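Only one structure is covered here, and it is reproduced in the block below.
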Amino acid sequence: MKNSTASTIIFLSTSTVVSAYQVRHGPWTVAFVLFACMDLLALFVCLRALKKLRPEDGMKESSKVAVWVFGNALNGAFAYPVAQMMPLALYVAVWGMSGFTIIVTFYGLFVYREPENLKNNDADMADFPSQAGQERGLAYDKRLALASVGHPESAAPPMIDAGQTANQIISGRNLATGSRSTKR
């Protein structure tokens, strides 16, 4: 187990024990605290399992269902006590936001299909949307903005090809033009 995961679990457990102790005279509140902790732990486990599964594994869909159920159970568990304290208009708004979250997460997990060229972090094949006044696949260098506000010594060539590797950018080689940029 990684240090960040272990520290997260320790923090969550400590927080749950302290919270349950503080509300020990209210059984429904203790139940809420314990449910939220157990649901969050189950959600972490399911997310970790989902992250490790490959697309061709048959368990991916059932893991998505578990993530969706645990996430929305936590959503509903927090929305219920908040909505109970609100006037009618805000009560409707809280449950409306909760319902919207349920619909959006369902769409994101089950309906939306990731484009083939973006699976497995394959950014080399990704089509980048064009920005105003630029050609497709090109991006302004951040140093260009500095040059436009009076810092010409930090200016760089105005465009770099999005497909360049870090070594090619550092060496000053531009794949799009095949030329070498001048270093200042």
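For this structure, a couple of remarks:
- Boolean, Ala6 is more than 30 Å from Arg113 (Cβ to Cβ) and of a type outside the set (Phe, Trp, Tyr): yes
- Leu74 within 17 Å of the chain's Cα centre (by Cα) and either within 17 Å of Phe106 (Cα to Cα) or not assigned by TED's automatic domain parsing to the domain that holds Thr29 (or both): no
- Residue match in segment 58-75 (condition: part of a loop (DSSP other than H, G, I, E, B) and either under 29 Å from Val18 (Cβ atoms) or out of contact with any helix residue (DSSP H, G or I) (no Cβ under 7 Å at 6 or more places or on another chain) (or both)): yes
- Failed criterion for Ala66 (all others in (1) within 22 Å of Thr5 (Cα to Cα); (2) over 19 Å from the mean Cα position of the chain (by Cα); (3) hydrophobic (A, V, I, L, M, F, W, C) hold): (2)
- Enumeration of residues in segment 18-37 that are surrounded by fewer than 13 Cβ atoms within 10 Å (Cβ to Cβ) and in a helix (DSSP H, G or I): Val18, Tyr21, Gln22, Pro27, Trp28, Ala31
- Taking residues in segment 1-20 that are closer than 17 Å to Ala42 by Cβ, and partners anywhere that are surrounded by 12 or more Cβ atoms within 10 Å (Cβ to Cβ) and β-branched (Val, Ile, Thr), the pairs with Cβ atoms closer than 7 Å and at least 6 places apart or on different chains are Thr16/Val33.
- Within segment 76-94, the set of residues being assigned to a helix (DSSP H, G or I), under 21 Å from Thr29 (Cβ atoms) and among the hydrophobic types (A, V, I, L, M, F, W, C) comprises Ala77, Phe78, Ala79, Val82, Ala83, Val94.
The values are calculated or read from the model by the stated rules, or taken from the named source; none is laboratory data. Given the structure is predicted, the values throughout are model-derived calculations rather than measurements. Using ideal geometry, Cβ is built from the backbone for each residue, glycine included, and neighbour counts are taken over all protein chains shown.
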